[in-house]
Protein chains: 2
Amino acid sequence: MWRLHHYPLCPFSRKVRLVMAEKRLELELVLEHPWDQRPAFMTLSPGGQTPVLVNAHDLGQILSDSNAIVEFLEETEPDYQLLPNDPLERAEARRLVGWFDQKFYADVTATLLQEKMYFRLFDRRTPDAGALRQAHKAMREHLAYIGYLVDRRNWLAGANFSLADIAAAAHLSTADYLAGVDWEADEAAKGWYMRIKSRPTFRLMLLDRMAGLPPPPHYDKLDF
Amino acid sequence: MWRLHHYPLCPFSRKVRLVMAEKRLELELVLEHPWDQRPAFMTLSPGGQTPVLVNAHDLGQILSDSNAIVEFLEETEPDYQLLPNDPLERAEARRLVGWFDQKFYADVTATLLQEKMYFRLFDRRTPDAGALRQAHKAMREHLAYIGYLVDRRNWLAGANFSLADIAAAAHLSTADYLAGVDWEADEAAKGWYMRIKSRPTFRLMLLDRMAGLPPPPHYDKLDF
């Protein structure tokens, strides 16, 4: 049994949750707001970032960094494999994980979290309309890239559902919770997300709510 | 034979070069300035970022994203292994790779490249003294963390030299080229970097120069 320190809108925690759900691993969630810098949490993670995964039966087993965690799970829990067998195809899946965790995050998710989550929870200032416009433009470009890929490959990294789809869905679902995705902008990307949304592992996660911050009505609907 | 598209101060390219040197893999370097957006380069890499690794004997084998590349090399070239065998120790090495590639990069390397490389090569504006002060402060904290780790473990992730040391050395050597590291701030971190510098694979890389931008005199000296 594992214990995951997370908060509902953390896209990197979402990635780990989805991996664990796909692998049918039992999981206990611990709500953690990294910005509170809770001392007991800071001792688990030098950077004070979510996600942190702790083995509930062996508290010395502490993992942080979402990439290190999912590679660990892929190595130690080979059932329901999420990386292809072929090394070049694995590299393509990992390239796309990096694309969403770094580029999509920097271009879209980070701005939305800053302007729409921190803003509502802590700040009194007006959201930065210029930053939101730029994130919106980047989101449309990313949707077009997703559409381009799934038109050619079925799933993002190839014929099979993989870690690349999970990373993309983790970021997009956070952005969607913050009303930051314009699904009508790309039909193929929307079709891909519809397939993601119909996975039982994903639907469960969409029921989570961040206190004081409701998602738009379409967020957990299969028909959106 | 592989061909690596890189530029001398790109820390992510340095990481790949060091991995390939440690694994005794033949490599042809192609100088690429991503900011030029050379069309032939843009067709290799959707994000237009270095590093990109191409198989010179099979031009369809194109890898990008430094993490995807080094995991691919670790899987396909198992000699001179750079990740430990134990899954938890592998996770610790990967956590530290993420730490340097993301946190150290954001806190230190990216600012130095912006203010000291782009500035000298393209800009006429004055470097941002506040940003440089902040990077300097962060650099000292990172050195202290390195010192803390090697005091307890010999190398960064454990008993053996690993990908974690390579990622850290890649970023620190870029920062050092830009006169951004105060080695006297931490004796243990300096001792670790001295051991890194004495590896033949690393010394070769330190001879590279960025045109129009000389490093400080101590940069490639074993005694610094």
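The values are calculated or read from the model by the stated rules, or taken from the named source; none is laboratory data. Just so we're clear, the structure is a prediction, and the values are computed from it rather than from any experiment. Cβ: placed from backbone, ideal geometry, glycine included. Neighbour counts: every protein chain shown. Just so you know, the surface numbers come from the protein's heavy atoms only, side chains and all, with ligands and any DNA or RNA stripped out. Shrake-Rupley method; radii C 1.70, N 1.55, O 1.52, S 1.80 Å.
Structure values in brief
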quantity: Other copies of A:ARG153: label-to-label distances in nm, shortest first, labels 7 Å along the beta-carbon direction; calculated: 3.2
quantity: For the protein assembly as shown, share of DSSP beta bridges that run antiparallel, in % to the nearest 5; calculated: 65 percent
quantity: Among B:ALA106, B:ALA21, B:ALA68, residue whose mean-square fluctuation peaks in a GNM of chain B (springs only between Cα atoms under 10 Å); calculated: B:ALA68
quantity: Calculated label separations, B:HIS57, copies of the chain, 7 Å along the beta-carbon direction, nm; calculated: 4.7
quantity: Amide proton proximity set for A:GLN61, modelled H, under 5 Å, gap of 5+; calculated: A:ASN55
quantity: Exercise: per-residue mean of other protein chain Cβ atoms within 10 Å, B:94-106; calculated: 4
quantity: Label spacing, shortest first and in nm, from B:PRO214 to its equivalents in the remaining copies (7 angstrom along Cα→Cβ); calculated: 6.7
quantity: Dipole moment magnitude, nearest 20 debye, the range B:1-87 about Cα centre, only Lys, Arg, Asp, Glu C-beta charged; calculated: 360 debye
quantity: Highest-fluctuation residue, A:LEU83, A:LEU29, A:LEU73 considered, GNM on chain A with Cα pairs under 10 Å; calculated: A:LEU29
quantity: Cα shape, the protein assembly as shown, gyration tensor, a/c 1.5 rule; calculated: rounded
quantity: Rounded to the nearest 10 Å², the accessible area of B:PHE122 at probe 1.4 Å; calculated: 100 Å²
quantity: Fraction of accessible area attributable to carbon and sulfur, the range A:60-128 (%, probe 1.4 Å); calculated: 45 percent
quantity: Cβ-based net charge around A:MET194, under 11 Å, with every Lys or Arg adding one and every Asp or Glu removing one; calculated: +3
quantity: Choice from B:THR109, B:THR126, B:THR174 with maximal GNM fluctuation in chain B (Cα, 10 Å cutoff); calculated: B:THR126
quantity: Protein accessible surface hidden between A and B, which excludes ligands and nucleic acids, total in Å², probe 1.4 Å; calculated: 1900 Å²
quantity: Which listed pairs, of A:LYS15/A:LYS116; A:LYS15/A:LYS197; A:LYS15/B:LYS137; B:LYS15/B:LYS221; A:LYS103/B:LYS15; A:LYS103/A:LYS137, have C-alpha distances above 24 Å, in listed order; calculated: A:LYS15/B:LYS137
quantity: Peptides ranked, highest mean first, by Cβ atoms within 10 Å: ranges A:13-20, B:1-8, A:145-152; calculated: A:13-20, B:1-8, A:145-152
quantity: Shape category assigned to the range B:1-75 from the gyration tensor of Cα positions, a/c cut at 1.5; calculated: prolate
quantity: Cβ neighbours within 10 Å from other chains - mean over B:86-92; calculated: 6
quantity: Inter-chain Cβ neighbour average for residues A:57-68, partner chain, 10 Å; calculated: 4
quantity: Anisotropy class of the range B:69-163 from Cα gyration tensor, a/c 1.5 cut; calculated: oblate
quantity: Radius 12 Å from Cβ of B:HIS6, net charge of other residues (Lys, Arg +1; Asp, Glu -1); calculated: +1
quantity: Span-like helix ranges in chain B, DSSP H, alpha carbon extent 18 angstrom or more, Kyte mean at least 0.5; calculated: B:163-177
quantity: Ellipticity estimate at 222 nm from DSSP helix runs (n ≥ 4, -39,500 (n - 2.57)) divided over chain B, nearest 500; calculated: -13500 deg cm²/dmol
